[in-house]
Amino acid sequence: MATAPLQAVIFDLDGTLFDHDSSARAALRQWLPRLGAAVTDDLVDAWFAAEYRHFTAWQNGLVTFVGQRRGRLREFLPRLGHPVGTDDDLDRLFADYLTCYATTWARFGDVDAALAAVSRAGLATAVLTNGVDRQQLAKVRTIGLAGRVGPVFTAEALGAAKPHPSTYLTVCERLGTPAGSVLHVGDRHDLDVLAPRAAGLRAVHLDRTGLGPYDEPHRITSLDQLARYLPTGGRPSPDA
Ligand SMILES: [Mg+2]
């Protein structure tokens with residue numbers, strides 16, 4: 001890893017600070033019975049598969065944000081035997097899902113200690129997330145991180161999504177730090193490690209699910225292990 005003094009840490013949000021997976025699973029346990037469906041592993045897996053496919057299409061500029069939500073439902077509803085209906089019907093159904101989802105938001109249990117270590121090390125922080133302002137900023141507020149993680153940059157506000165190099169470099173610029181002095185931390189190896197590293201940042205893969213890739217030299221499985229990348233391990237430096 002580069003040797004320039006570290007000045008800042010950029011965190012991804014979903015899957016890194018915000019426990020999207022658990023939140024979405026809890027939301028499905030509320031929402032699926034409202035549609036008359038039993039909550040099964042197959043249905044939950046199908047929901048996440050549709051989410052990944054259509055959200056990625058939005059990230060790649062292939063559909064609108066609303067369009068990816070409708071696309072998820074068009075793919076998912078037939079599995080329940082539920083009619084797909086019109087766009088308005090889909091929007092109402094997705095709003096109902098979001099009502100459930102918003103009651104289940106939570107941060108990961110290792111976030112507080114990691115933020116404290118980053119703060120003790122005297123580093124600036126920011127959040128860089130693929131998503132839209134309204135939802136992502138609401139998540140940060142609801143999970144108790146507003147004012148604790150620095151500025152939040154969304155793909156919507158930046159006009160580009162990760163892995164576009166401009167996203168990482170714009171955040172570095174706004175933080176006033178050279179890219180080589182910034183550590184990017186996130187759960188997606190492609191978006192949060194390979195792309196920022198190619199843009200000149202340092203990067204650590206937060207592999208919470210333990211799925212690898214295992215040849216990634218800077219891989220941690222919990223934010224508790226982030227301290228090893230911080231100056232003095234996240235303890236105050238003697239001259240601080
Ligand atoms: Mg993520």
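The values are calculated or read from the model by the stated rules, or taken from the named source; none is laboratory data. Worth saying up front: this structure is predicted, and the values here are computed from it rather than measured. Cβ placement follows ideal geometry from the backbone for every residue including glycine, while neighbour counts extend to all protein chains displayed. Quick note on the areas: whole protein, heavy atoms, side chains included, nothing else; ligands and nucleic acids left out. Shrake-Rupley method; radii C 1.70, N 1.55, O 1.52, S 1.80 Å.
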Between Leu90, Leu191, Leu211, which gets the highest mean-square fluctuation from a Gaussian network model of the chain, Cα cutoff 10 Å?
-> Leu211
Note down the nm distance, to one decimal, between modelled labels 7 Å out along Cα→Cβ at Arg34 and at Arg174.
-> 3.2 nm
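Determine by what factor the alpha-carbon radius of gyration of the chain differs from 2.2 N^0.38 Å, reporting the quotient.
Values: Rg = 18.8 Å, N = 240, 2.2 N^0.38 = 17.7 Å.
Taking N as the residue count of the chain, the ratio is 1.06.
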In debye, nearest 20, what is the charge dipole magnitude of region 20-102 about its Cα centre with +1 on Lys and Arg Cβ and -1 on Asp and Glu Cβ, if you could check?
-> 40 debye
Specify the residue with the greatest mean-square fluctuation among Arg25, Arg53, Arg107, computed from a Gaussian network of the chain linking alpha-carbon atoms under 10 Å apart.
-> Arg53
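Let's see if you can work this out: charge +1 on each Lys and Arg Cβ, -1 on each Asp and Glu Cβ, no other charges. What is the dipole magnitude of the chain about its Cα centre, in debye to the nearest 20? Intermediate results must be reported in sequence, preceding the final value.
Working: 25 positive and 27 negative charges, 73 e Å.
Its charge dipole is roughly 360 debye.
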On a C-alpha basis, how far is the centre of region 14-84 from the centre of region 134-159 in Å? Whole number, if you could?
-> 22 Å
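Tell me the carbon and sulfur percent of the accessible area for region 20-102, rounded to whole percent, probe radius 1.4 Å.
Details: 2210 of 4180 Å².
In region 20-102, the share of accessible area belonging to carbon and sulfur is 53 percent.
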